[in-house]
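The block underneath contains the structure these notes are about, expressed in structure tokens.
The values are calculated or read from the model by the stated rules, or taken from the named source; none is laboratory data. Owing to the predicted nature of the structure, the values given are computational and were not obtained by experimental measurement. Neighbour counts are summed over all protein chains in view; Cβ atoms, including those assigned to glycine, are modelled from backbone coordinates with ideal geometry.
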């Protein structure tokens, strides 16, 4: 497929417009409230081809967002936020990402600071398949979300480095979230050998596409099992130099009504900080994992 020009998908009346970057595409001519099976099949095909899909101009209620997300599989309940709240009343599938406060209490999670590169909840034995984020309020500047392709990052590694990491396993830390906050109920530690978290292969094969990818999760408190701590730190630092390269990423500048859904298994994402005096409110759903990374 030509990455620079839109094409009409023959199996449905939608148009896929690739970003021209290592990943990502915009899906046009679609209403996510009215997806028939044929159109969703084309959407899912584009999802596997591009790893991240953007749909603009949507008007979704929380129930609409949940219904769309369930087309991909069973949904996780939202994790507990820093303020101890779990979810929208009566809708445990909705996770609020926001810096807005009502009566002095945050209505959501992650505030206005930077969210570092990460894969959602990779510290679980079965991390989520995908996440969908829907924009309700957007600051005038900042708060952009960037995504990177773990396929492209793995492909770019030198052959000698690929051989070194082929059989390694990585522990994904469960102490801190992407905003640097300690997770609810966790006692913080900065020793990656003893911190809580799941162990996964460092190199995985995507179960739907069959493509090989690097599975880093996030940098803080990560540990390559079986190595001396200094060796683990040095090798992880080397791998993260590739993950930080801009040629493997795409940055999305949000508009109200945007929905972005990303494949959590083969991407990482991060968020720019923004002025805390501005309002930013996003509602997120998460498609439950069905298998361990392998």
Strands (runs of 3 or more DSSP E) completely within the stretch 231-294 that count 2 or more residues being within 19 Å of residue 108 (Cα to Cα): 259-263, 267-271, 281-287
Selection within the stretch 74-111 - over 18 Å from residue 280 (Cβ atoms), surrounded by fewer than 15 Cβ atoms within 10 Å (Cβ to Cβ) and at pLDDT 90 or above: 74, 77, 92
Of residues in the stretch 112-123 being in a loop (DSSP other than H, G, I, E, B) and crowded, with 20+ Cβ neighbours inside 10 Å, the one farthest from the chain's Cα centre (by Cα): 112
Residue list for the stretch 127-137, filter: in contact with a strand residue (DSSP E or B) (Cβ under 6 Å, 6 or more places away or on another chain) and either over 13 Å from residue 269 (Cβ atoms) or without any contact (Cβ under 8 Å) to a residue 24 or more places away in the chain (or both): 129, 134, 135, 136, 137
Residue under evaluation residue 256, criteria (1) surrounded by 14 or more Cβ atoms within 10 Å (Cβ to Cβ); (2) within 24 Å of residue 20 (Cβ to Cβ); (3) assigned by TED's automatic domain parsing to the domain that holds residue 58, criterion not met: (2)
